[in-house]
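Below you'll find the structure, written out as structure tokens, and then a few comments.
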Amino acid sequence: MPNEQKLISALEGKPIRFILLTGDLNEQAWLGAISRISVQGEHYRMIMGGYMEWARYIGYNTIPRYLIIDKHGNLKNPDAPRPGAILKDPALMEELVK
């Protein structure tokens, strides 16, 4: 996930948080993946029932899924551009920190 880490680094010091969620049933596998991918951010493992309810709410059908949630907790974009696209487009990057 090199583009994710590049985007996080590019936006360091900006008013933005990166939250990574999983519905992984196996806690040890999840912890191992966090260690392996080395992506900074807040990592959370949701219990399966909660994860599935959340996934239905946002209408997700792919993994990974990128969302933009504003500082008030409102879902602004349930299908945000991938980090590589944001890195290539300064306007998209600027939109993230609004």
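The values are calculated or read from the model by the stated rules, or taken from the named source; none is laboratory data. Just so we're clear, the structure is a prediction, and the values are computed from it rather than from any experiment. Counting neighbours? That spans all protein chains shown, and the Cβs are built from the backbone with ideal geometry, glycine included.
Would you check if P64 is in contact with an Asp or Glu (Cβ under 7 Å, 6 or more places away or on another chain) and either at pLDDT 80 or above or not hydroxyl-bearing (S, T, Y) (or both)? Write out each step before concluding.
Working: in contact with an Asp or Glu (Cβ under 7 Å, 6 or more places away or on another chain): no; either at pLDDT 80 or above or not hydroxyl-bearing (S, T, Y) (or both): yes.
Taking the combined requirement at face value, the residue does not satisfy it.
Quick check on G49: is it at pLDDT below 80 and assigned to a helix (DSSP H, G or I)?
yes
Being in contact with a helix residue (DSSP H, G or I) (Cβ under 8 Å, 6 or more places away or on another chain) and over 22 Å from H72 (Cβ atoms) is the filter here, so list the residues in the range 8-28 that pass it.
A10, T22, G23, D24, L25, listed by residue number.
Please go through the range 24-57 and pick out each residue that is closer than 20 Å to I68 by Cβ, surrounded by 13 or more Cβ atoms within 10 Å (Cβ to Cβ) and either touching a Lys or Arg at 6+ places or on another chain (Cβ under 8 Å) or of a type outside the set (S, T, Y) (or both).
Matches in the range 24-57: V39, G41, H43, M46, W54, A55.
Determine whether the range 86-97 contains at least one residue that is part of a loop (DSSP other than H, G, I, E, B) and closer than 28 Å to D24 by Cβ.
Looking for residues that are part of a loop (DSSP other than H, G, I, E, B) and closer than 28 Å to D24 by Cβ, one finds none in the range 86-97, hence no.
Filtering the range 1-13 down to residues that are of a type in the set (D, E, K, R) and surrounded by 12 or more Cβ atoms within 10 Å (Cβ to Cβ), which residue is farthest from D70 (Cα to Cα)?
K6
Name the residues in the range 58-88 that are loosely packed, with under 12 Cβ neighbours inside 10 Å and of a type outside the set (S, T, Y), would you?
G59, N61, I63, D70, K71, H72, G73, N74, L75, K88
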